[in-house]
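Data first, discussion second: the structure below is written as structure tokens.
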Amino acid sequence: MDFQETRLKVASESKNRSDSPEVRTVVVAEDEALIRLDTVEALEDAGYDVVGQAASGQEAIDLTRELRPDVVVMDVKMPGTDGITAATEIGKENLAPVVMLTAFSQQSLVEKAADAGAMAYVVKPFAPEKLLPALEVAISRFDQINALKDEVTDMKARFEARKRVDRAKGLLMESMGMTESEAFRWIQKTSMDRRLTMQEVADVVINNVANQNDR
């Protein structure tokens, strides 16, 4: 598989992609009713399907277990079980990606949220144009992590594979004009088509780009 072949394959697949977006399901967890309603309205206006609303972290966990949404939007601070604890539980059970909502004064909690398994965060007060991309990033990262879990069981090897795949994604995005999710889907599909691991495909991409740059 050389770099020119990669270019032709990407162009062909881009042309054949469906134009009809899939409807994403969301659980919104926010104890302040007004903010929760505003969030739900913004998501529904953008075409998302809000399948559950929670006012506490425990309620968010329960709804996520029951409904299995594509993504959870959750406030950091909530009564009883807080958002970070809830995100940790949801992450341990691998139920759904979590996007955390945090006030500007709570920036110190962002690192804790990432450690808890949150895939993205948005600072309040937020505009829809900030929230919506964060949801798609969280869903994409969640899918990618799960794909690598299926392929690599050893934690250290999985981390190395993820680094290589991330580098290859960046090169495809830069050289082919692909989005992050498109680049990952291409790597994943190529690995299945050619019966290679995703890391092996990533290594081919990285090596081919390096060879092109050396010419």
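The values are calculated or read from the model by the stated rules, or taken from the named source; none is laboratory data. Here the structure is a predicted model, which means the values were calculated and not measured. Cβ: placed from backbone, ideal geometry, glycine included. Neighbour counts: every protein chain shown. We work out accessible area using only protein heavy atoms, side chains counted, and drop any ligands, DNA or RNA first. Shrake-Rupley method; radii C 1.70, N 1.55, O 1.52, S 1.80 Å.
Rounded to the nearest 10 square angstrom, Arg164 shows an accessible area of 60 square angstrom against a 1.4 Å probe.
The gain in end-to-end length when the Asn207 to Ala157 segment is fully stretched comes to 16.0 nm, 0.36 nm per residue minus the alpha carbon separation.
Would you rank Tyr48, Tyr121 by solvent-accessible area, highest first, keeping every protein chain in place and using a 1.4 Å probe? The partial results should precede the final answer.
On the way: Tyr48 30, Tyr121 105 Å².
Descending order: Tyr121, Tyr48.
Would you rank Phe159, Phe142 by solvent-accessible area, highest first, keeping every protein chain in place and using a 1.4 Å probe?
Values: Phe159 130, Phe142 30 Å².
Solvent-accessible surface, decreasing: Phe159, Phe142.
Here is the list for region 29-88: GluC sites (Glu not before Pro) lying in DSSP coil, each with at most 16 other C-beta atoms within 10 angstrom of its C-beta, are Glu32. Computed with a 1.4 Å probe over protein heavy atoms only, the accessible area of Leu95 comes to about 10 Å². Remark: the Arg195-Asp143 segment gains 16.8 nm on full extension, using 0.36 nm per residue and subtracting the alpha carbon distance.
The length gained by stretching the chain between Glu66 and Asp45 to full extension, at 0.36 nm per residue less their Cα-Cα distance, is 5.1 nm.
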